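The values are calculated or read from the model by the stated rules, or taken from the named source; none is laboratory data. Since the model is a prediction, treat every value here as computed from it, not as a measurement. Don't worry about glycine lacking a Cβ; one is built from the backbone with ideal geometry, like all the others, and counts go over all protein chains shown. These area figures cover heavy atoms from the full protein model, side chains too; ligands, DNA and RNA do not enter into them. Shrake-Rupley method; radii C 1.70, N 1.55, O 1.52, S 1.80 Å.
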Amino acid sequence: MFVELFDFVFICRMDPKTNFNLEFRIFATKSRFPWFLHTEVVDSDTMNYKDLLDEIMRKYPCSYGEVVKMYYYCAESKSNIEVCCDQDLVNMFQKNASTKTCHISIAHYDPTTNPPTIPLWDVTYAKAVEIPCTSSMPAPTQSSDEPSQQPEDDDKYLQNPKPENEYVGVDEEGMYIDLGPQAQGNADQEDEYVPETDSDLDSNSESDGSDDEMVEDNVPPHTAEVVYDKADPPMKVGSIYPDMNAFRLALATHAIKNEFEIDIEHSEPGRYRAYCFGRIEGCKWRIHASTMGDNKTVKVKMNPHLHECHSTRRKGQVKHATKHWVADTVRDWLVDNPRLTPKALQQGIKDEFKVWVHYKRVYHGKELAMTQLYGDWRESFDNLYRFKKKIEESCPGSLVVIDHYTINKKIRFNRLFFAMKPCIDGFLQGGRPYLAIDSTFLTGKFRGQQCVACAVDGHNGMYPVAFGVIDSETSENWSWFMEKLKEAIGTPLGLTISTDCGQAIMGAVSEVFPTADHRECMWHLVQNFKKRYTGKVFDDHLWAASYSWNTYMFEKHYKAMAEAKPEAVGYLQESHTKLWTRSQFSTLPKVDYVINNLVEVTNKWVKAEKAKHLDDLLDSIRQNILIKWNHRRKIARQMDGKILDHINKKLREQSRNLDIDVITSNDNVAEVVVARGGSSFRFVVNLDERTCSCRAWQVSGIPCKHAIAFITSIRNEKLEDHVDHYFSVEKFIVAYEGTIPSIPDKSMWPKADHGFFMHPTLLKSTAGRRKETRYKGYSEGGRGNKGRHQCPICHEYGHHWYTCKDGDPADIAAMLADRGPPKRKKKQVMPASSETSIVPVSAPRMVFPNLGLTPPVRKKRKSSSTTPKAAKKKKSSTTSVRSGQGSNQPDPMPLSIMMPSVEVADKEENQEAQKQVAGHVKKNNRKPDVIGTPAMGTRSKSGCSGSPAMGTRRKRKLNV
């Protein structure tokens, strides 16, 4: 999954025909000045209302609980017109197109009071001016890990021919409802009560004021903020700052911005005096500031002289760019994108202030800023118990399990599981019994794995059910996650679980959910397959076999691959025994996905939160689900009818242009004939049982084209009456009728009584830089050969030297003599016992057709004493092929294929064979082998090479 990183470009060239000069007057009710003046240059084609307001609020933040309104002055009507949306902004630019200057007023005020009176602008002097082509506002741009000029992706081998079949809805709610201005991450507040005045808050309170005291205890303390330009703070006499720390940081910014250094003469909590470092060269600049009557607000008292020294920017060391200054500078950037790397922040500081700060200082500044924003990383693990208690109080029935371990008498975090009650109930009562499970790596300081179990609703939209955090993808961690998942949802009828090809997760599913249908992601299967086998036959038939609805089509494609390369299908039978074709999918879950794209889009949905602390991560996931539930609940309220609208629309479109003949057997059974080329195919449709012999109706739950042809041929018969109930409006409403809990920020979470402090987990040290993005393959648009192994013989990628086919044999022999044969791990086979021989009830496995083909011959592994020349002559006698019934025993093969015939019809061929045997025995100075029966081969050390039982004991194969 690709993870985007957003950088900041602070110089943006614009079209001089579309740029405007914006003059702002900012009114603050608690300020001692009438207003503040500010000027910006923007591009009218790219600027929108939200970005403009956010940028001004970043420089001039409002106080706690205040609201903001924006007005522009209209010269035609001589009045202030409020700006509420992008269209109002467009109208403003159109009305001021001649002067290229817009006069804007922004007011901060308490919503419990009347808005302040905005005086009109005096624009009698306004005339057309030449606006510079350089933007004064930082324009965020998206930077990618991809090169600027990517080579065309030529690797089309085994690409999914039908990616539209795997569609998963994520943010499609805007197609059905108007999400409004809060669609980008704010919860919908339509159903929540918002008091208009302070009197509404205590309308039910007693007159003794006890409730007021309670409210004061819960609300964090707040003081009035002093508004100033943080990017270029003023240092003239009378400038005011909220406290001494803010003044010191502002003075450092002022020094960096104006390219000089200062020396501190006196610094204490109430007074501050400093002078220019260039005083030795005659510079007289100095400054004096002290606190005011409240002993907190700082005011500049003296700054009489200007600078007379040269620039200090190119000295190489930035004296005032401390980690505290870096933290104050990058804090707002990290709010927008917590995944910004120190390298990106370093470049952003360079673009903004024209100074290069050392990487280590930027790194520590980012850590300090993240601590100021999200709290201490070490305390975040213990804070999980407070989150657990708050969720259990506000949403009873939710499951929050925190596992820990003790090392050196310290209790440390191990793993957690998180599932909310509305998600569990909605899945069990309104969703299909299908779960896609996978994990994605976290990008914060704790580089663990985030586990996801996601379902799908009737609109094919993702439906998150449970989340987890583990340190690594081990069998123990996955088994623990599956056990907690089973504790939350149980084992519903027809449960189907889809995973990738990882051995740990596949083993955990088989252990905890032994009766559930286990699907294997076809995309991962193809990625493993294409590393071993190539050919057009696989490009034509492998994906087609996966998308085959019935056994006939699957066996047709499978046979084509088996005839072209038997060892390839032998690999599939041995290594990929989980379900990966629609022809063997269960008909209960009504989900026809063959890849695990459902969980991939879920991981991408939460990727912006993966860099946060664990307590903030879980809270952000809860909030994202809250937003999603509210939007989809709105959609459900607007629905009517029996079946979801998109299903009805799809059926109506498919009912047209069908070249299908219907031969009715009775009222509910018919033969449907489909003409294709010069031949025709016949299918049987049964309306009572909702079946078709093509199996598409049974697997997907939606009538196939054969059933549609039969249904539409019956008068007054409705298509929606034959759609499975999982796609009904009733099920969709039930899935989202639960209420996701709304909770305050973590500063007001209740105290937990777990009785100990949970320390963070021990971090595992890894070589190299910690990755932020997943390594992509070449077929995914990755960086080609980066990260791939290069053969030292032929210098090509994708194989080792001992399997090189294009290299010089002499070089391979020299490499073998120098390094020795490759070391291979031997598989440990546990001896069968009376307990392990009992086969429990297990989930269905892939059933492969028995085509009667000769099993592929595998090369025997080389021993340490084998020479390259002798290794080419040695071959193993037999190869185990997985049975079509799913067992580990080979399929029964006819003796005429597995061993040579005892009675040879042609005497000349018999004599020639005897001569070859005699010559072979003479050459090896040993007695001829007796060609006997398989039963004899189990008792003799020199049995027949063709016997299956003897083949496991033979050291040499006779060419009879």
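Looking only at residues in region 543-556 that are within 14 Å of Met846 (Cβ to Cβ) and open to solvent by less than 60 Å² (accessible area, probe 1.4 Å), the one that is nearest to the chain's Cα centre (by Cα) is Ser546.
Of these, Lys389, Lys421, which one is open to solvent by 10 Å² or more (accessible area, probe 1.4 Å), farther than 23 Å from Lys764 by Cβ and touching a Gly at 6+ places or on another chain (Cβ under 7 Å)?
Working: Lys389 fails: touching a Gly at 6+ places or on another chain (Cβ under 7 Å).
Step by step, each of Lys389, Lys421 is checked, and only Lys421 is open to solvent by 10 Å² or more (accessible area, probe 1.4 Å), farther than 23 Å from Lys764 by Cβ and touching a Gly at 6+ places or on another chain (Cβ under 7 Å).
Return the residue satisfying two criteria in turn: it lies in region 225-235 and is modelled with pLDDT under 85 and surrounded by fewer than 17 Cβ atoms within 10 Å (Cβ to Cβ), and of such residues it is farthest from Lys751 (Cα to Cα). The qualifying residue farthest from Lys751 (Cα to Cα) is Asp232.
Applying a threshold of 9 Å to beta carbon distances and a minimum spacing of six or more residues, or different chains, the list of pairs starting in region 699-715 at a residue that is in contact (Cβ under 8 Å) with a residue 12 or more places away in the chain and in a loop (DSSP other than H, G, I, E, B) and ending at one that is open to solvent by 20 Å² or more (accessible area, probe 1.4 Å) and among the basic types (Lys, Arg) reads Gly701/Lys590; Gly701/Arg690; Ile702/Lys590; Ile702/Lys650; Pro703/Arg690; Cys704/Arg695. The residues of region 626-644 that are open to solvent by 80 Å² or more (accessible area, probe 1.4 Å) and either at pLDDT 90 or above or touching a Ser or Thr at 6+ places or on another chain (Cβ under 7 Å) (or both) amount to a single one, Lys642.
Residues that are buried (at least 16 other Cβ atoms within 10 Å of the Cβ) and over 51 Å from the mean Cα position of the chain (by Cα) within region 278-289 comprise Gly278, Cys283, Trp285, Arg286, Ile287, His288, listed in sequence order. If you go through region 33-50 and pick out every residue that is exposed (fewer than 15 other Cβ atoms within 10 Å of the Cβ) and in contact (Cβ under 8 Å) with a residue 60 or more places away in the chain, you end up with 3.
Of the residues making up region 69-83, just one is within 18 Å of Ile26 (Cβ to Cβ) and either at pLDDT below 85 or among the acidic types (Asp, Glu) (or both), namely Glu82. How many residues does region 59-80 hold that are open to solvent by 60 Å² or more (accessible area, probe 1.4 Å) and either in contact with a Lys or Arg (Cβ under 8 Å, 6 or more places away or on another chain) or in a strand (DSSP E or B) (or both)? So the answer is 3. Applying the criterion of being part of a helix (DSSP H, G or I) and open to solvent by 50 Å² or more (accessible area, probe 1.4 Å) to the residues of region 725-747, the residue that is nearest to Lys389 (Cα to Cα) is Ser747.
Yes/no matrix, rows are residues, columns are (1) modelled with pLDDT under 85; (2) within 30 Å of Pro744 (Cβ to Cβ); (3) among the polar types (S, T, N, Q); (4) touching a strand residue (DSSP E or B) at 6+ places or on another chain (Cβ under 6 Å):
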site: Met214; (1), (2), (3), (4): yes, yes, no, no
site: Thr223; (1), (2), (3), (4): yes, yes, yes, no
site: Gly238; (1), (2), (3), (4): no, no, no, no
site: Phe247; (1), (2), (3), (4): no, no, no, yes
site: Ala252; (1), (2), (3), (4): no, no, no, no
site: Pro269; (1), (2), (3), (4): no, no, no, no
site: Tyr272; (1), (2), (3), (4): no, no, no, yes
site: Phe277; (1), (2), (3), (4): yes, no, no, yes
site: Gly282; (1), (2), (3), (4): yes, no, no, no
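Only a single criterion out of (1) out of contact with any Asp or Glu (no Cβ under 8 Å at 6 or more places or on another chain); (2) at pLDDT below 95; (3) within 26 Å of Leu626 (Cα to Cα) is not satisfied by Gly448, namely (1).
Could you list all residues from region 583-610 that are of a type in the set (Asp, Glu) and crowded, with 21+ Cβ neighbours inside 10 Å? Before you say what the answer is, go through the steps one by one.
From region 583-610, those of a type in the set (Asp, Glu) are 592, 600, 609; that's our starting set.
The answer is Glu600, Glu609.
Name the residue that is nearest to the chain's Cα centre (by Cα), counting only residues in region 329-346 that are assigned to a helix (DSSP H, G or I) and surrounded by fewer than 18 Cβ atoms within 10 Å (Cβ to Cβ). That would be Asp336. Yes or no: Asp592 at pLDDT 90 or above, of a type in the set (Asp, Glu) and not in a loop (DSSP other than H, G, I, E, B)? Considered against the rule, which asks whether it is at pLDDT 90 or above, of a type in the set (Asp, Glu) and not in a loop (DSSP other than H, G, I, E, B), Asp592 comes out as no.
The set of residues in region 671-699 being at pLDDT below 90 and either crowded, with 16+ Cβ neighbours inside 10 Å or within 24 Å of Asn648 (Cβ to Cβ) (or both) consists of Val674 alone. In summary, strands (runs of 3 or more DSSP E) completely within region 427-481 and bearing 1 or more residues that are open to solvent by 10 Å² or more (accessible area, probe 1.4 Å), more than 21 Å from Leu399 (Cα to Cα) and in contact (Cβ under 8 Å) with a residue 24 or more places away in the chain occur at 434-441. Checking each residue in region 561-582 for being surrounded by 21 or more Cβ atoms within 10 Å (Cβ to Cβ) and assigned to a loop (DSSP other than H, G, I, E, B) picks out Lys578, Trp580, Thr581. Quick check: is even one residue across region 485-495 under 22 Å from the mean Cα position of the chain (by Cα), of a type outside the set (Lys, Arg) and open to solvent by 10 Å² or more (accessible area, probe 1.4 Å)? Scanning region 485-495 turns up no residue that is under 22 Å from the mean Cα position of the chain (by Cα), of a type outside the set (Lys, Arg) and open to solvent by 10 Å² or more (accessible area, probe 1.4 Å).
Tallying residues that are loosely packed, with under 12 Cβ neighbours inside 10 Å and modelled with pLDDT of 80 or more within region 820-839 yields 1.
Just one of the listed residues (Val300, Val326) is open to solvent by less than 70 Å² (accessible area, probe 1.4 Å) and under 44 Å from the mean Cα position of the chain (by Cα), and it is Val326. In the set Ile714, Ile743, Ile733, Ile702, only one residue is within 24 Å of Asn383 (Cα to Cα) and at pLDDT 90 or above; that residue is Ile743.
Among the numbered criteria (1) touching an Asp or Glu at 6+ places or on another chain (Cβ under 6 Å); (2) open to solvent by 40 Å² or more (accessible area, probe 1.4 Å), which single criterion is violated by Thr312? For Thr312, the failing item is (2).
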